[in-house]
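The values are calculated or read from the model by the stated rules, or taken from the named source; none is laboratory data. Predicted, not measured: the structure shown is a model, and the values here were computed from it. Heads up, the Cβs are rebuilt from the backbone with ideal geometry, glycines too, and the neighbour counts pull from every protein chain shown. Remember, those area values only see protein heavy atoms, side chains included, never the ligands or the DNA or RNA. Shrake-Rupley method; radii C 1.70, N 1.55, O 1.52, S 1.80 Å.
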Amino acid sequence: MSESFSLAEQQARDEMVRLGASFFQRGYATGSAGNLSVRLDDGNLLATPTGSCLGELQGDRLAKVTPDGEWLSGDKPSKEIAFHRALYLNNPDCKAVVHLHSHYLTALSCLQGLDPENCIRPFTPYVVMRVGDVPVVPYYKPGDQRLAEDLAQLAPRYRAFLLANHGPVVVGKSLREAADNTEELEETARLIFTLGDRAIRYLNDAEVAELRSR
């Protein structure tokens, strides 16, 4: 007999399947790369299973874990659930996490000389309004506990992060918000590579301050 879910949990499962498929179909995710999670009303986490393709998620097979990492049901969760948990535990506003290996943000994460406190110097208003500064987390192999430890330290102050040589992590008050903000970051990274060595008119401090005051 299949497990029954509350209406809210079923809606969360349906949305994760829908957004995962959207990411995959539009090229934001390839193969089995990337993972998504949502904090349910009971405090438990719903996450994409290990090795799963975001384009082929099945709602009743999504992994459910406790905030402490105990696997409750569904398929085995991704090994990267540890850093998802670190974000939830250290930011009470975090209700969803999106981690992708999207093309332009992953390319950006491989560059040397990025500002570790904010890797995207503002030149359009949208990243400032949606996520603010985007710190760079040093490179660790996928699943390394130090990744969770670093994100735990940054979680109270930021809503998006760039994992060096790896890709973006974005949190939100909903999965939809986290997904939208991830796409905004990816588009901004695409603009960075499109502009290349051309002289960029960056936003000045007053302009950034005005946007942040909103």
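Counting pairs of alpha carbon atoms under 8 Å apart in space and at least six apart in sequence, what relative contact order in percent does the range 88-213 give? Numbers along the way, then the final one.
Details: 187 pairs, mean separation 48.1, N = 126.
Across the range 88-213, relative contact order equals 38 percent.
Would the chain count as rounded, prolate or oblate if I go by the C-alpha gyration tensor, calling it rounded below 1.5 in a/c and otherwise prolate when a/b exceeds b/c, oblate otherwise? Working shown, then result.
Numbers: a/c = 1.82, a/b = 1.74, b/c = 1.05.
Judged from the Cα gyration tensor, the chain comes out prolate (a/c at least 1.5, a/b above b/c).
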_Using alpha-carbon coordinates, inclination of helix 145-154 to the longest axis of the chain, degrees_ = 60 degrees
*Candidates A82, A199, A160, ranked by Gaussian network fluctuation over the chain, Cα under 10 Å, top entry*: A199
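Keeping all protein chains in place and using 1.4 angstrom, which order do K95, K76 fall into by accessible surface area, from largest down?
Values: K95 85, K76 120 Å².
From most exposed to least exposed: K76, K95.
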*Take every Cα pair under 8 Å in the chain that's 6+ residues apart, average their separations, divide by the length, and report that relative contact order as a whole percent.*
20 percent
*Where is the GNM fluctuation largest for the chain (alpha-carbon springs, 10 angstrom cutoff): S102, S52, S73?*
S73
*Pick from Q112, Q145, Q58: which is most flexible by mean-square fluctuation in a GNM of the chain where alpha carbon atoms under 10 Å apart are linked?*
Q112
*asked:* With +1 assigned to the C-beta of every Lys and Arg and -1 to the C-beta of every Asp and Glu, and no other charges, what is the dipole magnitude of the range 40-136 about the Cα centre in debye, to the nearest 20?
replied: 200 debye
*Helix 7-25: angle to the longest alpha-carbon principal axis of the chain, degrees 0 to 90, nearest 10?*
50 degrees
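In terms of solvent-accessible area of protein heavy atoms at a 1.4 angstrom probe, what is the ranking of D60, D133, highest value first?
Most to least solvent-accessible, the answer reads D60, D133.
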*Which one of N165, N181, A12 is farthest out on the positive end of the charge dipole of the chain, using unit charges on Cβ (Lys, Arg +1; Asp, Glu -1) and the Cα centre as origin?*
N165
*At a 1.4 Å probe radius, which order do R201, R214, R39 fall into by accessible area, largest first?*
R214, R201, R39
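Run lengths n ≥ 4 of DSSP H only: what is the helix-derived mean residue ellipticity at 222 nm for the chain, with -39500 (n - 2.57) per run over all residues, to the nearest 500?
On the way: 7 runs with 81 residues, N = 214.
Computed ellipticity for the chain at 222 nm equals -11500 deg cm²/dmol.
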*Between D60 and D205, what FRET efficiency follows from the Cβ-Cβ distance if R0 is 45 Å, with the result rounded to 0.05?*
0.35
*Would you mind putting 43-49, 22-28 in packing order, based on average other-beta-carbon counts within 10 Å, highest first?*
43-49, 22-28
*asked:* On C-alpha positions alone, give me the angle between the axis of helix 81-90 and the longest principal axis of the chain, in degrees, nearest 10.
replied: 70 degrees
*How far is the Cα center of the range 185-214 from the Cα center of the range 130-157, in Å?*
22 Å
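What does the charge dipole of the chain about its Cα centre add up to, to the nearest 20 debye, if the Cβ of each Lys and Arg holds +1 and the Cβ of each Asp and Glu holds -1?
Numbers: 23 positive and 29 negative charges, 52 e Å.
For the chain, the charge dipole is close to 240 debye.
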